[in-house]
Amino acid sequence: FILAMHKMESQEILSEPHFRSRPHKVYEVGRLSKRECIHYIEETFGALGLIEVKESLSRKYIHTLYKHSRGNFRRLKKIIYHLLLILHTAHIQNRKKFQKVSKCLLTMAVIDGGLLDA
């Protein structure tokens, strides 16, 4: 079995009698590198067929994403999710100004994801 969880959760779960008697190995995964972040973004948008969005994410915007996520995979996914929600809403409401990735949109996604106080 492979279990993926937070460090604190794993310590609690592995201290339970059921797991204590079983052999186990714990691997701690660190932060994403900027290169891994870029690869994930390119693969995600490519798989979703969002080539236009992928191409509009210049290195400057990827740096902003990386800075706000602090290399944390969950944070990165959360920002991307909120960015896609904002882009989708802008498209539905025909808001031309917000239909392309910008620093403003990235900041809104970070705020919307609860990762930055406004």
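The values are calculated or read from the model by the stated rules, or taken from the named source; none is laboratory data. Quantities reported herein were computed from a predicted structural model and do not represent experimental measurements. In this analysis, Cβ positions are derived from the backbone assuming ideal geometry, glycine residues included, and neighbour counts consider all displayed protein chains. Each accessible area value is taken on the protein alone, full model and side chains, heavy atoms only, with ligands, DNA and RNA left out. Shrake-Rupley method; radii C 1.70, N 1.55, O 1.52, S 1.80 Å.
Can you give me the % of accessible surface on the chain that is carbon or sulfur? Probe 1.4 Å, all protein chains present, nothing else counted. That share works out to 55 percent.
Full extension of the segment from PHE19 to GLU55, taken as 0.36 nm per residue of separation minus the current Cα-Cα distance, would add 8.3 nm. Ranking HIS39, THR89, THR107 by Cα position along the charge dipole of the chain, where only Lys, Arg, Asp and Glu carry charges on their C-beta atoms, puts THR107 farthest toward the positive end.
When the chain is treated as a GNM with alpha-carbon contacts under 10 Å, the residue of ILE80, ILE13, ILE51 showing the greatest mean-square fluctuation is ILE13. Mean-square fluctuation check for the chain, GNM, Cα pairs under 10 Å: which of GLU36, GLU28, GLU52 is largest? Checking each option, the largest mean-square fluctuation is seen for GLU28.
Along the axis of the charge dipole computed for region 1-52 (Cβ charges of +1 for Lys and Arg, -1 for Asp and Glu, origin at the Cα centre), the listed residues ALA4, GLY49, SER21 are led at the positive end by SER21.
Normalising by the residue count of the chain, find the relative contact order in percent from Cα pairs under 8 Å and 6+ residues apart. Relative contact order of the chain: 21 percent.
Go ahead and set up a Gaussian network model of the chain, Cα springs under 10 Å, then flag whichever of LYS77, LYS25, LYS34 fluctuates most. Sorting by GNM fluctuation, first place goes to LYS25. Could you tell me which label, among (1) 2, 10, 18, 19, 15, 10, 8, 8, 5, 3, 1, 0; (2) 2, 12, 22, 24, 20, 13, 5, 1; (3) 2, 10, 14, 17, 13, 11, 9, 8, 6, 5, 4, 1, 0, carries the value of P(r) over Cα pairs in 5 Å bins from 0, in percent calculated for this structure? So the calculated entry is the one marked (1). Under the convention that each Lys and Arg Cβ holds +1 and each Asp and Glu Cβ holds -1, the size of the dipole of region 38-118 around its Cα centre is about 220 debye.
For the chain, the longest piece that avoids every one of the chymotrypsin sites (Phe, Trp or Tyr not before Pro) found in DSSP loops with at most 10 other C-beta atoms within 10 Å covers 28-118.
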